[in-house]
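The values are calculated or read from the model by the stated rules, or taken from the named source; none is laboratory data. Because the structure is a prediction, the values reported are computed rather than measured. Cβ coordinates were reconstructed from backbone atoms using ideal geometry, including for glycine residues, and neighbour counts include every protein chain displayed. Just so you know, the surface numbers come from the protein's heavy atoms only, side chains and all, with ligands and any DNA or RNA stripped out. Shrake-Rupley method; radii C 1.70, N 1.55, O 1.52, S 1.80 Å.
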Amino acid sequence: SVVFHSFAQQSATKSARHCFCCRIVVISPPIMSSSKFQKENTADDVAAGSDLKGKVAIVTGASNGIGKEEARVLASKGAHVIVAARSLERCQAAVDDIRRTTGSQLVEPALLALDSLKSVRAFADWFLARNLPLHILINNAGIMAVPRALTEDGFESQLGTNHLGHFLLTTLLLDKLVASAPARIVSVSSSGHAAHGINWDDVNWTTGYDKFLAYGQSKTANILFARELNTRLASKGVTAYPCHPGAIAETGLGNHIPKEEFMAMGLLNPDGTLNTSLMFFKTIPQGASTPIYCAVHPDAERHAGEYFDNNDLGQLGNPDAGSAEAGKRLWELSEKLVAAFAKA
C-alpha cells in the first residue's frame with residue numbers, strides 16, 4: 001500500500017472537495033538552520049554517538065513502518081525497548097526482526113490498542129508493574145483519513161486513536177517519567193495538522209464529517225498535547241516534542257484511501273505506481289529520523305516544546321496548533337472525555 005504522513009490543505013464546498021496532499025511539505029520549510037541534519041538523514045544518522053544503555057523506551061505503533069524503525073534504532077543504541085501495537089503477533093514478528101538485526105535481546109512485545117481505553121489502561125498497568133524506569137516515550141501510532149467510525153468508548157476514531165489513547169497512556173505514565181528524569185516524550189504529528197484545528201463545538205464530528213479534516217484535528221491535538229506537556233513538566237526534567245516525520249511511502253497508514261484519490265492528488269501515476277517526480281517523499285529510515293532526533297539528540301532539548309520537521313524546527317500550519325490557551329483547553333477537555341477510564 002502507499003501512504004503518506006503528510007498531506008495538506010483542502011479547499012472545499014458542500015458540492016466539491018479537492019485535497020492537495022503533501023503540499024504543506026513544500027510550503028513549510030524549516031524555520032532555523034542550526035541543525036546539522038536535513039531531510040535526507042536517517043534515524044541511524046541522528047542517533048550516531050548516542051549511548052542508551054540503561055534507558056527504557058516505549059514506542060507505540062511499532063510493529064511496522066517508522067515505529068518499527070524507531071524501535072530498531074533505539075535498541076541498536078542499547079535501550080530496553082517495548083514494541084507496542086494492537087497485534088501481539090505482528091509485535092512479536094517485529095521484535096524477532098529487531099533482535100536479529102541489532103543483536104539486542106532487550107526488546108519485547110506488548111499489546112496496546114489505542115482505540116480502546118481499557119487496553120491503554122491494561123498496558124499501563126502491565127508496564128508499571130514491571131518496576132522499570134521510563135526515559136523515552138514515542139507516541140507514534142496513528143490512523144489516517146478513515147471513514148467515520150467510533151472507538152469502543154464512543155469517540156470519533158481518529159481523535160480517539162491518535163490523541164485520546166495517547167493522552168490517557170501518557171498521563172498514566174507521567175509519574176514514572178518524572179521519577180526517571182531526564183525523560184522525553186515525542187508526539188508524532190503530521191503537516192496534515194494544517195487541514196484543521198480543533199473542532200471545539202463537535203470534536204467527535206457527529207455532523208459534517210470529513211476524513212481529512214478530522215485527521216487534521218487529531219494531528220493538531222498531537223501538537224497541542226506535546227506543547228502543554230512540555231509546559232507542565234519541563235521544570236521536572238521531562239521534555240516533550242511534537243514532530244512531523246515527512247511524506248513516507250509504503251507504511252500502511254493510508255490503507256483506507258482509495259487509489260483513485262491518491263491518483264487525483266497526483267501522488268500515484270495512472271498505472272498505480274508512486275509518482276517519484278515529487279521530491280519530498282522519504283524512505284522509512286528517513287521518516288523515523290525526526291522522531292529519533294527529538295527522542296535522543298542533545299541539541300533537540302534546547303527547543304523542547306517546539307514543532308520539529310526534517311530534524312530541525314518546523315513551521316506550524318494553523319493558529320490553533322501554536323496556542324497555549326488551546327493546549328490548556330484541550331488538556332481539560334481530554335481529561336473530561338477519558339475521566340471514567342483514567343481514575344486511579
### Query
Can Ala124 be described as open to solvent by less than 40 Å² (accessible area, probe 1.4 Å) and closer than 29 Å to Tyr293 by Cβ?
yes
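Please go through the range 296-319 and give me each residue that is of a type in the set (D, E, K, R) and surrounded by fewer than 24 Cβ atoms within 10 Å (Cβ to Cβ), ordered by number. Please lay out each step first, then the result.
Taking the range 296-319 and keeping what is of a type in the set (D, E, K, R), we get 299, 301-302, 306, 309, 312.
Asp299, Glu301, Arg302, Glu306, Asp312 - these are the residues of the range 296-319 that are of a type in the set (D, E, K, R) and surrounded by fewer than 24 Cβ atoms within 10 Å (Cβ to Cβ).
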### Task
Could you identify the single residue in Ala264, Ala249, Ala221 that is at pLDDT below 95 and within 17 Å of the chain's Cα centre (by Cα)?
Ala249
### Message
Here is a check on your reading of the model: is Ile138 in contact (Cβ under 8 Å) with a residue 60 or more places away in the chain and of a type outside the set (Gly, Ala, Ser)?
### Response
yes
### Message
Pairs please, first residue from the range 46-70 and farther than 13 Å from Pro245 by Cβ and open to solvent by 20 Å² or more (accessible area, probe 1.4 Å), second anywhere and at pLDDT below 95 and polar (S, T, N, Q), Cβ atoms under 8 Å, 6+ apart in sequence or on different chains.
### Response
Asn64/Thr251
### Task
Evaluate the following for Gly197: is it at pLDDT 95 or above and small (Gly, Ala, Ser)?
yes
### Task
Could you grab me the full set of residues in the range 22-72 that are at pLDDT below 80, among the small types (Gly, Ala, Ser) and within 20 Å of the chain's Cα centre (by Cα)?
Ser28
